[in-house]
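Student: My questions all concern the structure below.
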Amino acid sequence: MAMMTMRRAVALGARHIPAAAAASSRVVPLRHMSADAGAAMEKILSAGLLRTQGLIAGKWVDAYDGKTIEVQNPATGEVLANVPCMGSRETSDAIASAHSTFYSWSKLTASERSKALRKWYDLIISHKEELALLMTLEQGKPMKEALGEVNYGASFIEYSAEEAKRIYGDIIPPTLSDRRLLVLKQPVGVVGAITPWNFPLAMITRKVGPALACGCTVVVKPSEFTPLTALAAADLALQAGIPAGALNVVMGNAPEIGDALLQSTQVRKITFTGSTAVGKKLMAGSANTVKKVSLELGGNAPCIVFDDADIDVAVKGSLAAKFRNSGQTCVCANRILVQEGIYEKFATAFIKAVQSLKVGNGLEESTSQGPLINEAAVQKVEKFINDATSKGANVMLGGKRHSLGMSFYEPTVVGNVSNDMLLFREEVFGPVAPLIPFKTVEEAVNMANDTNAGLAAYIFTKSIPRSWRVSESLEYGLVGVNEGVISTEVAPFGGVKQSGLGREGSKYGIDEYLELKYICMGNLG
Ligand code: ADP
């Protein structure tokens, strides 16, 4: 692929670079980048959106000891920028700033908070292209998906701006006639938000939008793999008039930052999206100060294709559910269960569809599959494939690293997968679709529920009674019926069992940032 092999330096020296960005020594000189990455970075710089420092109390700051970490482009390995490697001291200051801003931000009227959020939404949309370029550069996803994520991410801010004005309380009929009983909804307080790399914008807006709408203030810790999108979004928040201190961003030493958030009595809530292992640590660590906790953890999504499914709908839906972001989402179909009568037909059509996926650098327009996030992710996929083949599965398509090198992996289909294989038991988080045959509805539901995870599930059938019955018996927080991409800001997203606690998006997601206060007014005469 041209982009991978060329790595040609571009002579950008004579081009204009805005003073603010040029002043930052953290930006890697564009002439050291491949042509497409250099051109993309130039657009981002021109828009003033390449932020390479943390944000504390409205100020862009370095790590106090000056340490930095590199942000790399997974498609090429090139270093895009260096960002501060922060720790507990910077996090404590960010918490203090969020805490002191809480009193003013939470006292604004809902309408004032709503207007600032709406402005933030407008700014995100008007910088859609630069934000998408940043995401593709640091995360690897194809531009089309990155643009989709900007819309999706922005939608949580828009929705939160609207809902800010609809946070109603209650009046309860009293049990004694001289009393009045009221319920107020009030913001939780300072929120610590820890987010992953696979959705560098949306996982932040899904938390920060509702938190700010309710009157909470936030310390965000984005993934160290993808901090640039988070910092650009924070810059736009400042421009929108979200006050200094209401939104702080720190990154660097994840366990140290996490511990500082957990130990603080001022942080009243932890909201996290990421691995189940880290989620459990955060939940345990929240016990000491009894914080509210919301967790979006790993999934192991079954995608059940019944004999009576519309084959085109099933192939299209399972392809989208499996291969979005190269299989790196927690709602990606992890196990495709196919009923015996349709197995051969589905496998043939599905493989044909997978063959049409184009692997490449996300900056290229034709790309539909970007690289995996890093070498460790590829090694995990290799381990799962080796485990499956050693236990009798057969690779029907792909099954190896892509000729592009780096962390590119071939879109893969594996047949005859069974429940003793890693591909069945754990999330592969890569472009591997395991096909698992089954006979009866009961068998499919049992296999689907045979896991500690419970985030998303998908079913494909033309039968309305079966849609109902199976949806109801799946132990999952989300079910897609004849549809592979179901997340939206207006519906509750979240898992059961070890996939998490709480919901994001929708009116239910707003409640996660609110406390109920009961007021009893007595002796009214
Ligand atoms: P993934 O495997 O998807 O990267 P992780 O759970 O490792 O999932 O990472 C999700 C987020 O959690 C990232 O921002 C990461 O830096 C952060 N993280 C990892 N370990 C810790 C920890 N001990 N405390 C707090 N945050 C952590």
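Readers should treat all values here as calculations from the given coordinates under stated rules, not as data from a laboratory. Keep in mind that what you see is a predicted model, and the values were worked out from it rather than measured. Using ideal geometry, Cβ is built from the backbone for each residue, glycine included, and neighbour counts are taken over all protein chains shown.
Student: Could you compute the FRET efficiency for Ile125 and Ile519, with r as their C-beta to C-beta distance and R0 at 56 Å, rounded to 0.05?
Tutor: Step by step, r from the Cβ atoms, then E = 0.90.
Student: Could you give the radius of gyration (one decimal) and Dmax (whole number) of the Cα atoms in the stretch 117-205, in Å?
Tutor: In Å, with Rg to one decimal and Dmax whole: 19.5, 65.
Student: Excluding residues fewer than 8 places away in the same chain, name every one of the lysines whose C-alpha is closer than 23 Å to that of Lys439.
Tutor: Within the straight-line limit of under 23 Å, Lys439 reaches these lysines: Lys316, Lys322, Lys345, Lys391, Lys462.
Student: Separate question: Equivalent ellipsoid semi-axes for the stretch 30-296, as square roots of 5 times the alpha carbon gyration tensor eigenvalues: give them largest first, rounded to whole Å.
Tutor: 33, 21, 16
Student: Work out from phi, with θ = phi - 60° and the Karplus expression 6.51 cos²θ - 1.76 cosθ + 1.60, the ³J(HN,Hα) of each residue of the stretch 337-343, listed in order in whole Hz, and give x for Gly and Pro.
Tutor: Once θ is set to phi - 60°, the couplings for the stretch 337-343 become 8, 10, 5, 3, x, 10, 4 Hz.
Student: Please give the net charge around Arg401, taking every other residue with its beta carbon less than 12 angstrom from that of Arg401, where Lys and Arg add +1 and Asp and Glu add -1.
Tutor: The answer is -2.
Student: While we're on this one: Please report the base-10 log of the normalised intensity I(q)/I(0) for the stretch 255-296, using a Debye sum with one equal scatterer per alpha carbon and no solvent, at each q in 0.16, 0.17, 0.25 (1/Å).
Tutor: Evaluating at q = 0.16, 0.17, 0.25 Å⁻¹ gives log10 I(q)/I(0) of -0.32, -0.36, -0.80.
Student: Run the helix sum for the chain: -39,500 (n - 2.57) per DSSP H stretch of 4+ residues, divided by residue count, reported at 222 nm to the nearest 500 deg cm²/dmol.
Tutor: Value at 222 nm, helices only: -12500 deg cm²/dmol.
Student: Using the Karplus curve 6.51 cos²θ - 1.76 cosθ + 1.60 with θ = phi - 60°, what ³J(HN,Hα) values do you get for each residue of the stretch 360-366, in whole Hz, with x for Gly and Pro?
Tutor: x, 5, x, 6, 7, 4, 7
Student: Another question about this same structure. Treating the stretch 260-378 as a set of equal point scatterers at the Cα positions, no solvent, please give the Debye-formula log₁₀ I(q)/I(0) at q = 0.10, 0.15, 0.16 Å⁻¹.
Tutor: -0.49, -0.81, -0.86
Student: Moving on. I need the calculated FRET efficiency for the pair Asp310 and Tyr508, taking r as the beta carbon distance and R₀ as 35 Å, to the nearest 0.05.
Tutor: 0.65
Student: For the chain, what mean projected area does the convex hull of the alpha carbons give, in nm²?
Tutor: The number I arrive at for the chain is 25.8 nm².
Student: Another question, then. Looking at the stretch 301-487, send over the antiparallel percent of its DSSP beta bridges, to the nearest 5.
Tutor: Antiparallel: roughly 15 percent of the beta bridges in the stretch 301-487.
Student: Next question, about the same structure. Whole Å is fine, so just give me how far the alpha carbon centre of the stretch 74-124 lies from that of the stretch 343-361.
Tutor: The distance from the Cα centre of the stretch 74-124 to that of the stretch 343-361 comes to 41 Å.
Student: With unit charges on the beta carbon (Lys/Arg positive, Asp/Glu negative), name the residue among Leu117, Ser155, Trp105 whose Cα is farthest towards the positive pole of the charge dipole of the stretch 104-168.
Tutor: Checked the options; the winner is Trp105.
Student: Now a separate question. Sorted by average packing, counted as other Cβ atoms within 10 angstrom per residue and highest first, what order do 104-111, 41-48, 152-159, 379-386 take?
Tutor: So the peptides 104-111, 41-48, 152-159, 379-386, ranked by packing, come out 152-159, 41-48, 379-386, 104-111.
Student: Sequence-distant or interchain residues sharing an amide H contact under 5 Å with Gln72, placed H: which?
Tutor: Under 5 Å from the amide H of Gln72: Leu80.
Student: So, one more: In whole Å, what are the extents of the stretch 301-487 along the principal axes defined by its C-alpha atoms, from largest to smallest?
Tutor: Over the stretch 301-487, Cα extents along the principal axes are 47, 36, 30 Å.
Student: The stretch 456-525: Rg/Rh from Cα coordinates, Kirkwood Rh?
Tutor: Expressed as Rg/Rh, it is 1.23.
Student: Take the alpha-carbon centre of the stretch 285-321, take the same for the stretch 131-147, and report the distance between them in whole Å.
Tutor: 23
Student: How high is the FRET efficiency from Lys144 to Asn446, r the C-beta distance, R0 51 Å, rounded to 0.05?
Tutor: For Lys144 and Asn446, the calculated efficiency is 0.85.
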